[in-house]
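The values are calculated or read from the model by the stated rules, or taken from the named source; none is laboratory data. Nothing here was measured: the structure is a model prediction, and the numbers come from that model. No Cβ is skipped: glycine too gets one built from the backbone with ideal geometry, and neighbour counts run over all protein chains shown. In case anyone asks, the SASA skips ligands and DNA or RNA and just uses the protein heavy atoms, side chains included. Shrake-Rupley method; radii C 1.70, N 1.55, O 1.52, S 1.80 Å.
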Amino acid sequence: MENYENKRKIMVKRLKDELSISESVEKAMLEVPRHLFVPEHYVSEAYNDYPLPIGYGQTISAPHMVAIMCQLLELKEGEKVLEVGTGSGYHAAVVSRIVGDRGLVVTIERIPELAEKAMELYERLGYRNIKVIIGDGSVGYEELAPYDKIYVTASAPRIPEKLVSQLKKGGKLIVPVGDFVQYLYLVEKDHHGRIEKKNWGAVRFVPLVGKNGFEE
Ligand code: SAH
């Protein structure tokens, strides 16, 4: 029997030392059992810092990417967050621990099997502040808009305008943009509704597929 908790502690300590993550991100990543979010075959690699296949041609993001995105979003307790691309469900689980019971994570996944698996895991772990939606998240999720924060875990051809419009004033959106070469963008909407975009450098994500994404 492997000691997952110990492996998790070592992983988080390395992220903390090398990325200077905040206490809330650290605490959330210490809590969420990443090994339950990867296929059984990869369980022994769950606490290494790289992406892993989760089936259907998709991947669970590397832990450092989850940490960096949480950090850039400056997540706070009580916030309503939209995630596009549930995948394994790991990233949304981490975010849900940060926003807490007064907050909410709405996460959209286009592949029903992945969405259902994530729902089952959340049920098992008792994570009740996450709502999983099956559908095309490239158009956002108008029903529960506006959001304090939005992040996309698949690369879009351009910054999806629908997502910008579903952001509250003072909100932040993170989205990888590009096809062969991709860059991580932080989009901020100030209190007057003005938009500012910053490029945080090159990244590697699976493609966003849908109306405001790439063609299948
Ligand atoms: N956050 C995930 C990363 C998953 S990879 C994790 O922690 O594991 C990105 C996911 O985005 C894939 O599961 C893919 O199916 C999904 N995806 C791609 N285009 C999408 C779209 N338009 N709407 C919703 N999900 C999408």
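Points worth noting:
- Structure-based [θ]222 nm, the chain - -39500 (n - 2.57) summed over DSSP H runs of at least 4, per residue, nearest 500: -9000 deg cm²/dmol
- Among the protein heavy atoms of segment 4-203, carbon and sulfur supply 49% of the accessible surface, probe 1.4 Å, non-protein parts ignored.
- Rg/Rg_globular for the chain, with Rg_globular taken as 2.2 N^0.38 Å and Rg from C-alpha atoms: 0.94
- Spacing of the modelled spin labels on Glu215 and Arg128, each 7 Å from Cα toward Cβ, amounts to 4.7 nm.
- Once the C-beta distance of Arg102 and Asn6 is scaled by a Förster radius of 25 Å, the resulting FRET efficiency is 0.20 to the nearest 0.05.
- Other residues with beta-carbon under 13 Å from the beta-carbon of Ile111 carry, at +1 per Lys or Arg and -1 per Asp or Glu, a net charge of -3.
- Over the chain, relative contact order from alpha-carbon pairs under 8 Å, at least 6 apart, %: 15
- The H on the amide N of Val203, modeled in the peptide plane, is under 5 Å from the matching H of Gln182, Tyr183, Leu184, each at least 5 residues off or on a different chain.
- A Förster distance of 45 Å, applied to the separation of the beta-carbon atoms of Ile159 and Glu120, puts the FRET efficiency at 0.85.
- Percent antiparallel among DSSP beta bridges (both partners in segment 4-203, rounded to 5): 45
- When only alpha carbons are used to place a centre, segment 178-199 and segment 1-36 end up 28 Å from one another.
- Based on the Stokes-Einstein relation at 37 °C and a viscosity of 0.692 mPa s, and on the Kirkwood radius from alpha carbon pairs, segment 1-111 is assigned a translational diffusion coefficient of 231 µm²/s.
- The ellipsoid equivalent to the alpha-carbon distribution of segment 95-212 has semi-axes of 23, 19, 13 angstrom, derived from the gyration tensor eigenvalues as √(5λ) and listed largest first.
- Within segment 152-204, the proportion of C-alpha pairs whose separation exceeds 13 Å stands at 53%.
- For a label point 7 Å along the Cα-to-beta-carbon line of Glu40, residues of segment 1-24 with backbone N under 16 Å: 1-2
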